[in-house]
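The structure appears below as structure tokens.
The values are calculated or read from the model by the stated rules, or taken from the named source; none is laboratory data. Everything numeric in this text was worked out from a predicted model, so none of it was measured. Backbone-built Cβ (ideal geometry, glycine too); neighbour counts: all protein chains shown. The area values use the complete protein model at the heavy-atom level, side chains included, leaving out ligands, DNA and RNA. Shrake-Rupley method; radii C 1.70, N 1.55, O 1.52, S 1.80 Å.
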Amino acid sequence: MPVKSIESQLNPLQDKVARVLEEAKKRGAAAEAGAHLDEGLSVGARLGEPETLEHHRDQSLAVTVYFGQRKGSASTTNLSEASLKETLEAACAIARYASEDPYAGLPDPDKLARDIPDLDLDHPWEITADQAIERVIECETAAREFHPEIVNSEGADLNSHHGIQVLGNTSGFLHAYPASQHSLSCAVVGKRGEQMQRDHWYTLARHPEDLNSPASVGRKAAERTVARLGASSLTTRRCPAIYSAEAARSLIGHFLAAIRGGNLYRKASFLLDGLGKPVFPEFVHIHEAPHIKKGLGSAPYDSEGVATYPHDLIRNGVLESYILGTYSARKLGMESTGNAGGVHNIIVEPGNLDRDTLLKEMGTGLLVTELMGQGINLVTGDYSRGAAGFWVENGEIQYPVEEITIAANLNTLFRNLVSIGRDVDMRGNIRTGSIWLADITVGGA
């Protein structure tokens, strides 16, 4: 990848944002503008042969202007001076026709990031297309050779991205930083008798040296696929369940959605007015850690330039904070939590037990490894999702299960959480181990 070419664009891109902001001020507007430039390489292989090879180069600039409390936004992928001028004019024109919104406007200046920490987010990968092809073929070959019941492949893919992003506003904030992200994934198909199953695995990191080896990714994908062969459904029942770490992430995601400012001021959350009240058992601690070095969700400031900071969402089981950007905070009569644009490294503090020990402690129940569908009603907390996993008896996995539905209410699920495993999945913005739930309803055949 041409690493040096994109780094040389950092200052010029920052200058473009500064000129757009200066021009907005001349027009009598308060404004914020953000720009990004991203380069990447994507390579795919299937059945031992290269299948796709793509080089990416994307760029854009977006500007939002405020005339009083009337707001207009526009964006462009053409960063020529003429195009930037037209984009600003379009944003101004939209603002003039917009209705006044008493909550619209730039963040409070005292909330803007001033001391920017070095989060070690930029580790570009100077990998050639030939080297990338070699890696994906090694990965997929390891999966296909893992077991005779692996009969087909959906392929292996390698993606490497390196980019810079700039953010500024007319309150005096202007900053740019580079960041990178790389991944390798594989999915294969297994067959036993007339039944076929498919599963996958992946590795994801800021630094290419932190990725798992291609062969280990391929073997893990194949191991998971073979383990699912012979799956059957379950009769309808109530039972305890352990969500594997990768499945548990979605459960925490539903909690985060319920405390987002947008859902709260629209009164579309079952955790409305939940601040200061118990949501989880007393041992649960969930917090945001936005300044982890090389963290996949790390960011020095949010999408408005508001400084991010470590803080608790849940402590001793009690809801300590919502997730708020400037607009939603003003709508709720509160202050921004530095979460415009989303969260940054949500940490669910792990317990002391690994997943196998959790299974032994549970005895009999369901191990959930995959969830499907989006049957979530955030207003009521009603939860219904398709699932697959394994049936467990006497603390040991007995057989794979599929074509089942898990139904519960999230409020009840969270309160009946039994334990959190120490097998934390680090591959994302939400870091959690396996989660043991006391009681769910399983709908089966």
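Could you please let me know if Gly48 is at pLDDT 95 or above and in contact with a Pro (Cβ under 8 Å, 6 or more places away or on another chain)? When the stated conditions are applied, Gly48 does not pass them.
Restricting to the stretch 351-382, count the residues that are of a type in the set (D, E, K, R), farther than 19 Å from Met426 by Cα and outside any strand (DSSP E or B). Walk me through how you get there before you give the answer.
Of the stretch 351-382, the ones of a type in the set (D, E, K, R) are 354-356, 360-361, 370, 382.
After this cut, where a residue has to be farther than 19 Å from Met426 by Cα as well, the list is 360-361, 382.
Then drop every residue that is not outside any strand (DSSP E or B), which leaves 360-361.
Qualifying residue count, the stretch 351-382: 2.
Cβ separations smaller than 7 Å between residues 6+ apart or across chains give no pair from the stretch 342-362 residues that are closer than 19 Å to Arg315 by Cβ and modelled with pLDDT under 95 to residues that are open to solvent by less than 20 Å² (accessible area, probe 1.4 Å) and of a type in the set (Ser, Thr, Tyr). Selection within the stretch 360-389: residues that are crowded, with 16+ Cβ neighbours inside 10 Å and more than 26 Å from the chain's Cα centre (by Cα). The member of this set that is nearest to Ile404 (Cα to Cα) is Gly365.
Only residues that are among the hydroxyl-bearing types (Ser, Thr, Tyr) and farther than 21 Å from Gly342 by Cα: list them for the stretch 416-445, please. Spell out the reasoning first.
Here is the first cut: in the stretch 416-445, the ones among the hydroxyl-bearing types (Ser, Thr, Tyr) are 419, 432, 434, 441.
Passing the criteria: Ser419, Ser434, Thr441.
The strands (runs of 3 or more DSSP E) located wholly in the stretch 253-350 that include 3 or more residues which are surrounded by fewer than 19 Cβ atoms within 10 Å (Cβ to Cβ) occupy 311-315.
A quick yes/no check of all residues on (1) β-branched (Val, Ile, Thr); (2) open to solvent by 20 Å² or more (accessible area, probe 1.4 Å); (3) closer than 30 Å to Glu134 by Cβ; (4) within 27 Å of the chain's Cα centre (by Cα):
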residue	(1), (2), (3), (4)
Ala24	no, no, no, no
Arg27	no, yes, no, no
Ala33	no, no, no, yes
Gly48	no, yes, yes, no
Leu84	no, no, no, no
Ala95	no, no, no, no
Pro102	no, yes, no, no
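Checking Ile420, Ile435, Ile404 one by one, the residue that is touching a residue at least 12 places away in the same chain (Cβ under 8 Å), farther than 19 Å from His254 by Cα and among the hydrophobic types (A, V, I, L, M, F, W, C) is Ile404 and no other.
Within the stretch 51-80, the set of residues being at pLDDT 95 or above, assigned to a strand (DSSP E or B), of a type outside the set (A, V, I, L, M, F, W, C) and open to solvent by less than 70 Å² (accessible area, probe 1.4 Å) comprises Thr52, Gln59, Ser60, Thr64, Tyr66, Arg70, Gly72, Ser73, Thr76.
Being polar (S, T, N, Q) and either farther than 26 Å from Leu79 by Cβ or open to solvent by 40 Å² or more (accessible area, probe 1.4 Å) (or both) is the requirement here; does Thr170 meet it? Before you say what the answer is, go through the steps one by one.
On the way: polar (S, T, N, Q): yes; either farther than 26 Å from Leu79 by Cβ or open to solvent by 40 Å² or more (accessible area, probe 1.4 Å) (or both): no.
Answer is no for this residue.
Restricting attention to the stretch 35-46, the residues that are open to solvent by 60 Å² or more (accessible area, probe 1.4 Å) and either farther than 30 Å from Cys92 by Cα or in contact with a Cys (Cβ under 9 Å, 6 or more places away or on another chain) (or both) total 1.
The residue of the stretch 188-217 that is surrounded by the most Cβ atoms within 10 Å (Cβ to Cβ), among those that are among the small types (Gly, Ala, Ser) and closer than 27 Å to Glu403 by Cβ, is Gly190.
Each residue in the stretch 109-126 was checked for being in a loop (DSSP other than H, G, I, E, B), of a type outside the set (Phe, Trp, Tyr) and open to solvent by less than 80 Å² (accessible area, probe 1.4 Å), and 9 pass.
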